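Below: one structure, written as structure tokens.
The values are calculated or read from the model by the stated rules, or taken from the named source; none is laboratory data. Model, not experiment: these values are computed from the prediction. Here Cβ is always computed from backbone atoms with ideal geometry, including for glycine, and neighbour counts include all displayed protein chains. Just the protein is used for accessible areas: all its heavy atoms, side chains included, with ligands, DNA and RNA removed. Shrake-Rupley method; radii C 1.70, N 1.55, O 1.52, S 1.80 Å.
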Amino acid sequence: MSFWGESEGQPRNAVSPDIYAEDFSAAVDYLGTNKLIDRTRIGVLGICGSGSFVISAAKIDSRMKAIATVSMYNMGAVNRHALNHSQTVEQRKKLIAAAAKQRDVEFGGGEIEYTSGTVHQLDKDTHPIQREFYDFYRTPRGEYTPASSSPQLTTHPTLTSNIKFMNFYPFNDIETISPRPMLFITGDKAHSKEFSEEAYRLAGEPKELYYVKGAGHVDLYDRTALIPWNKLTEFFSQNL
């Protein structure tokens, strides 16, 4: 995504839901110029947070003819409500106030503050979900530090930009993507499955919700024995 990894753009580690959606449309722009690509048969796949970004993009880009998500996170909902709606409105307001205060600090030349992301070490009190992400992002399994960053900053968005997720509602009007087909894939043991289930409930037809037995959230990033390759191949082959 823009502002992350080896992608160009300033500021670094910045959250911008609109630009994240634009990144998907920009990819379609580029693919359409390739003589080997049929512009009328382009499908899209979003994994984790990008599942919500690709839905946001598909709502306003009809060139995306088939839309699939895997282990989707609704990045707006999880920031507003936390998992299982465990965050109160008052807690949300405190986060908003802290980000607003930090804007003044940074505009005045103060140091950038980063938030959330994956923990850097484990202890006996580390939450199981954090352990799951640690096992991917802080080990050779999935760790990557671009030349422009450091291990201390990877996965951590800036506080002042991350607050923009509070105003991100990718599932609003999701039904307008119909009649383009949608496939939502989630592990039946995934802590994030609530987001795929809600998207499926709200989406128009045709749609499908597919559970991968025995899979958690991060498993579907790279556990090749669990990723439902056949299901994805079937979906895109039939609909493109």
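Key figures for this structure:
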| item | result |
| --- | --- |
| Ratio Rg/Rh [Cα only; Rh per Kirkwood] for region 1-149 | 1.00 |
| Share of carbon and sulfur in the accessible heavy-atom surface of the chain [1.4 Å probe, %] | 53 |
| In degrees, nearest ten, helix 50-60 long axis to first principal axis of the chain (Cα) | 60 |
| Part-to-part distance (alpha-carbon centres) for region 95-157 and region 11-43, which is given in Å | 26 |
| Shape call, region 164-240: gyration tensor on alpha carbons, a/c limit 1.5 | oblate |
| Positive-pole candidate from LEU202, THR88, ALA147, dipole of the chain, charges at beta carbon | LEU202 |
| Per residue value of the accessible surface for the chain (all protein chains in place, 1.4 Å probe), Å² | 55 |
| Candidates per trypsin sites (Lys or Arg not before Pro) in region 153-240, loop by DSSP, up to 14 other Cβ within 10 Å | LYS189, LYS213 |
| FRET efficiency, LEU122 to ARG223 (Cβ-Cβ, R0 22 Å, nearest 0.05) | 0.60 |
| Label point distance in nm, GLN238-ASP188, each placed 7 Å from Cα along Cα→Cβ | 2.0 |
| Charge context of GLY142, other residues only, Cβ under 9 angstrom, K/R +1, D/E -1 | -1 |
| More than 22 angstrom apart: percent of Cα pairs within region 129-205 | 50 |
| Extension gain, GLU111 back to ARG92 (0.36 nm per residue minus Cα-Cα distance, nm) | 4.5 nm |
| Neighbour net charge for ARG63 - beta-carbon separation under 12 angstrom, K R +1, D E -1 | +1 |
| Accessible surface, 1.4 Å probe, highest first, among residues THR126, THR145 | THR145, THR126 |
| Charge dipole (debye, nearest 20) of the chain; +1 at Cβ of Lys and Arg, -1 at Cβ of Asp and Glu | 300 |
| SER149 - accessible surface, heavy atoms, 1.4 Å probe, Å² rounded to 10 | 40 |
| Angle between the chain longest axis and helix 193-202 axis [Cα atoms, degrees, rounded to 10] | 50 |
| DSSP-defined antiparallel bridges as percent of all bridges, the chain, nearest 5 | 5 |
| Net charge dipole size for region 138-240 [Lys, Arg +1 and Asp, Glu -1 on Cβ; Debye, nearest 20] | 280 |
| Cα-based helix-to-principal-axis angle, 17-32 vs the chain, degrees rounded to 10 | 40 |
